[in-house]
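The values are calculated or read from the model by the stated rules, or taken from the named source; none is laboratory data. Because the structure is predicted, anything quoted here is derived from the model rather than measured. Note: ideal-geometry Cβ built from the backbone for every residue, glycine included; neighbour counts use all protein chains shown.
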Amino acid sequence: MSRLIGWVDVRLKKPMLLVHTLSGKTFSVTVDTGFNRELWMDKITAETLGVAMLSTHPRTSFVTAGNKPILTDVGELEIMWVLGPRKVFVHIHDEPGLSEVLLGTGLLHPGVLIVEFSNDMVKIDS
């Protein structure tokens, strides 16, 4: 069994993980079980991480928790994941004020997500 270990942001009570790209960059993500895709990030973060834009994908519309529709472009990024390197789809927006990177349930499958708020620990097993 392989495992990723993260933490719970004590102040915001959000499950967090560090993700590593194959190019050696590291970024933190919030695990969001309400987001059913793989990754969501702003355009500046995507450019910093070297996300490759996919021109074959049309813009996608999402509705935020605040009920606001947002259009995203789709890119691809290679990350180190539970069982090794993995190519993931990244939904990229240019909405001001939304800089949080979200990791959705599309990336968790077929693993197991365990969030222990009492121990401030996040685990993803596969």
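Criterion first (surrounded by fewer than 13 Cβ atoms within 10 Å (Cβ to Cβ) and within 17 Å of Asn36 (Cβ to Cβ)) does Pro85 satisfy it?
Details: surrounded by fewer than 13 Cβ atoms within 10 Å (Cβ to Cβ): yes; within 17 Å of Asn36 (Cβ to Cβ): no.
No, not satisfied.
Within the stretch 1-52, being more than 16 Å from the chain's Cα centre (by Cα) and at pLDDT below 95 holds for Met1, Ser2, Arg3, Val10, Arg11, Leu12, Lys13.
Need a quick list: strands (runs of 3 or more DSSP E) entirely within the stretch 56-125 having at least 2 residues that are among the acidic types (Asp, Glu). Break it down into steps so the answer makes sense when it comes.
On the way: elements: 60-63, 69-81, 84-93, 112-116, 121-125.
Passing ranges, in order: 69-81.
Is it true that Leu103 is closer than 21 Å to Trp7 by Cα, aliphatic (A, V, I, L, M) and in contact with a Phe, Trp or Tyr (Cβ under 9 Å, 6 or more places away or on another chain)? So Leu103 passes the test.
Considering only residues in the stretch 53-63 that are modelled with pLDDT under 90 and among the hydrophobic types (A, V, I, L, M, F, W, C), the one that is surrounded by the most Cβ atoms within 10 Å (Cβ to Cβ) turns out to be Phe62. Any residue in the stretch 26-45 that is in contact with an Asp or Glu (Cβ under 8 Å, 6 or more places away or on another chain), assigned to a loop (DSSP other than H, G, I, E, B) and surrounded by fewer than 12 Cβ atoms within 10 Å (Cβ to Cβ)? So far as the stretch 26-45 goes, no, none of its residues is in contact with an Asp or Glu (Cβ under 8 Å, 6 or more places away or on another chain), assigned to a loop (DSSP other than H, G, I, E, B) and surrounded by fewer than 12 Cβ atoms within 10 Å (Cβ to Cβ).
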